[in-house]
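Please read the structure below before turning to the comments.
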Amino acid sequence: MTAALKTLRIHLLPGPMALFWPWLIVAISFVVNLAIFALTDVPVADRQTGGIASLYGVAIFANLSLWTQVFPLALGLGATRRSFFQGTCLYVLGQSVLAGVVLTALHALEGATSGWGVHMRFFSPWFLQDGNPAELFLTYTVPFLFVSALGMLMGTVFKRWGQNGMFLLSTASLLLGAAAAVLITWRHGWGAVGRFFTETTTLALTSGYPLVLAVALAGAAWLVLRRVTP
């Protein structure tokens, strides 16, 4: 654990860019959307924005950069692959918890200010109803953990196989998705898919299943990392 904490400090020393960039992008998106709704006559019912998704999208690539920039430095300073992986997991967990706390607070503030004075729903997507703060925290935190784990896997694949590995990973993902769509269509299963999403609780969809996927992605990243050279 001591070695993992040393790796965690390496992540923080040059400035936590993986933490900074996602929040900068979401702040820009927030200001742009706020200006649009303040200056236009958009109906209140339509003042829903998906700008918060930018936080999660940028987090993927910000965490990918940890493996291209910080990994060689860490190994040069004496870290092992295991300690770097453990320290990165701690860093990702800290990012995710911070995101959950901040977004839960912004959700509450958005409600208290009637959508920042313009009835805008930026931090409160339509599927998130006002309710238990603990559930809101998990709903924000676990998806961030999932996308960060996805970035970890992409980063290890890039370090192991370079651009060819990224192309193969993207192609395999597309083929897998296409094969699933063909299979569901052939078995006339789209109705069952729709029922799954409508009958499953929001907490399970946003926290339960993403947590399982995050653990699986992190495990896959570790398997690839074991064969990565500096």
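Odds and ends about this structure:
- Any hit, the range 171-180, residues being open to solvent by 50 Å² or more (accessible area, probe 1.4 Å), at positive phi, over 21 Å from the mean Cα position of the chain (by Cα) and free of Cβ contacts under 8 Å to residues at least 40 places away in the same chain: no
- Listed by position, the helices (runs of 4 or more DSSP H) enclosed by the range 51-169 that each have at least 1 residues that are in contact (Cβ under 8 Å) with a residue 24 or more places away in the chain, open to solvent by 60 Å² or more (accessible area, probe 1.4 Å) and of a type in the set (Val, Ile, Thr) are 81-112.
- Candidate set from the range 77-115 (those that are under 16 Å from the mean Cα position of the chain (by Cα) and among the β-branched types (Val, Ile, Thr)); member that is nearest to Phe146 (Cα to Cα): Val92
- Applying the condition of being of a type in the set (A, V, I, L, M, F, W, C) and exposed (fewer than 14 other Cβ atoms within 10 Å of the Cβ) to the range 25-41 and asking which residue is farthest from Gln95 (Cα to Cα) yields Leu39.
- Count - residues of the range 204-230 that are at pLDDT below 90 and open to solvent by 60 Å² or more (accessible area, probe 1.4 Å): 4
The values are calculated or read from the model by the stated rules, or taken from the named source; none is laboratory data. Predicted model only: the values in this text are computed from it and were never measured. Here the Cβ is made from the backbone with ideal geometry for all residues, glycine too, and neighbour counts use every protein chain on show. Ligands, DNA and RNA are stripped out before the accessible areas are found, and what is left, the full protein with its side chains, is counted by its heavy atoms. Shrake-Rupley method; radii C 1.70, N 1.55, O 1.52, S 1.80 Å.
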